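Enquirer: First the structure, which I've put down as structure tokens, then a few questions once you've had a look.
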Amino acid sequence: MIRAVLLAAGESRRMGQPKALLADPSGTPFVVRIVETLGSAGLADIVVITGGHHDKIRATLDARPATAPPVTIVRNPDPERGQLSSLLCGLEGSADPEALLVTLVDVPMLTVQTVRAVIDAWTAKRAAIIRPAVGGAHGHPVIFDRKVFAALRSAPLNEGARAVVRAFADQVENVQVADDGCLRDVDTPDEYARLIHGPSA
């Protein structure tokens with residue numbers, strides 16, 4: 001019913017190393033942590049979109065225990081086209097799901113409860129776009145209902161999914177959560193140091 005798409009195709013230039021493979025405070029690679037979170041939230045159709053670091057990400061996911069949530073790994077042949085191109089890779093192949101739940105590999109600390117909250121909101125309301133919010137700030141994951149898939153496919157790649165969010169602004173549902181992790185991007189070495197060592201790092 002809902003396909004989860006984890007975007008991990010970026011080159012991680014600001015970080016200087018693949019963000020997908022960075023270890024969280026427990027020592028778990030970001031990409032593994034997020035897949036585990038999605039699986040624990042009840043999502044069975046999980047797609048990881050890779051790019052230039054495809055082989056390393058695949059090896060990391062393949063090294064998980066046999067009991068780990070299954071994933072489909074799809075390589076974006078040209079991730080330089082932008083994040084939307086990776087999102088659309090998650091729609092290719094099998095028949096469209098009823099909704100797409102999209103999150104980023106550089107937002108590793110989102111909780112199972114937050115994922116469940118946006119899923120439950122979509123199940124109840126079937127809004128066009130649903131996203132978690134902490135006060136006035138919104139984060140990931142974002143659910144795109146099937147009714148916006150055509151708009152995603154026709155959106156300018158340089159504008160990304162933001163163009164679709166703007167176009168459907170009156171149909172966006174913000175779900176209040178108590179989870180700063182859904183807002184926390186880890187894009188730079190300084191941000192990673194603060195994640196591992198605390199605000200004083």
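The values are calculated or read from the model by the stated rules, or taken from the named source; none is laboratory data. No experiment lies behind these values; they were computed from the predicted model shown. When we count neighbours, we look across all protein chains shown, and the Cβ atoms used for this are built from the backbone with ideal geometry, even at glycine. The accessibility values were calculated without ligands, DNA or RNA, using every heavy atom of the protein model including side chains. Shrake-Rupley method; radii C 1.70, N 1.55, O 1.52, S 1.80 Å.
Enquirer: In nm, what is the difference between 0.36 nm times the number of residues separating Val172 and His138 and their Cα-Cα distance?
Expert: 11.1 nm
Enquirer: So, one more: If I stretch the segment between Ser154 and Glu191 completely, what's the gain in nm (0.36 nm per residue apart, minus their alpha carbon distance), one decimal?
Expert: Taking 0.36 nm per residue and subtracting the Cα distance, the gain is 9.9 nm.
Enquirer: A further question follows. Scanning the chain for helices, which whole DSSP H stretches are 18 Å or more long along the axis (Cα) and average -1.0 or more by Kyte-Doolittle?
Expert: 112-125
Enquirer: Given a 1.4 angstrom probe, what's the average accessible area per residue across the stretch 26-65, in square angstrom?
Expert: Roughly 39 Å² per residue, with all protein chains present.
Enquirer: Multiplying the sequence separation of Gln17 and Thr72 by 0.36 nm and subtracting their Cα-Cα distance, what value in nm do you get?
Expert: 17.5 nm
Enquirer: From the phi of every residue in the stretch 134-142, what ³J(HN,Hα) in whole Hz does the Karplus formula 6.51 cos²θ - 1.76 cosθ + 1.60 yield, where θ is phi - 60° and glycine or proline is x?
Expert: Using θ = phi - 60°, the values come out as 10, x, x, 9, 10, x, 10, x, 10 Hz.
Enquirer: Tally Lys and Arg at +1 and Asp and Glu at -1 over the other residues with C-beta under 11 Å from the C-beta of Val105: what net charge comes out?
Expert: Charge balance in the 11 Å sphere: -1.
Enquirer: Below 8 Å between Cα atoms, with a sequence gap of 6+, how large is the relative contact order for the chain in percent?
Expert: Rounded, it is 25 percent for the chain.
Enquirer: Can you list the HN-Hα couplings for the stretch 152-160, worked out from phi with the Karplus curve (6.51, -1.76, 1.60; θ = phi - 60°), rounded to whole Hz and with x for Gly and Pro?
Expert: 4, 5, 9, 5, x, 4, 6, 9, x
Enquirer: Carbon and sulfur: what percent of the chain's accessible surface (1.4 Å probe)?
Expert: Roughly 50 percent of what the probe reaches on the chain is carbon or sulfur.
Enquirer: Which cross-chain or sequence-distant (5 or more) residues have an amide H under 5 Å from the amide H of Glu173, H modelled 1.01 Å from N in plane?
Expert: Here the answer is Ile129, Ile130, Arg131, since their amide H atoms fall under 5 Å of that of Glu173.
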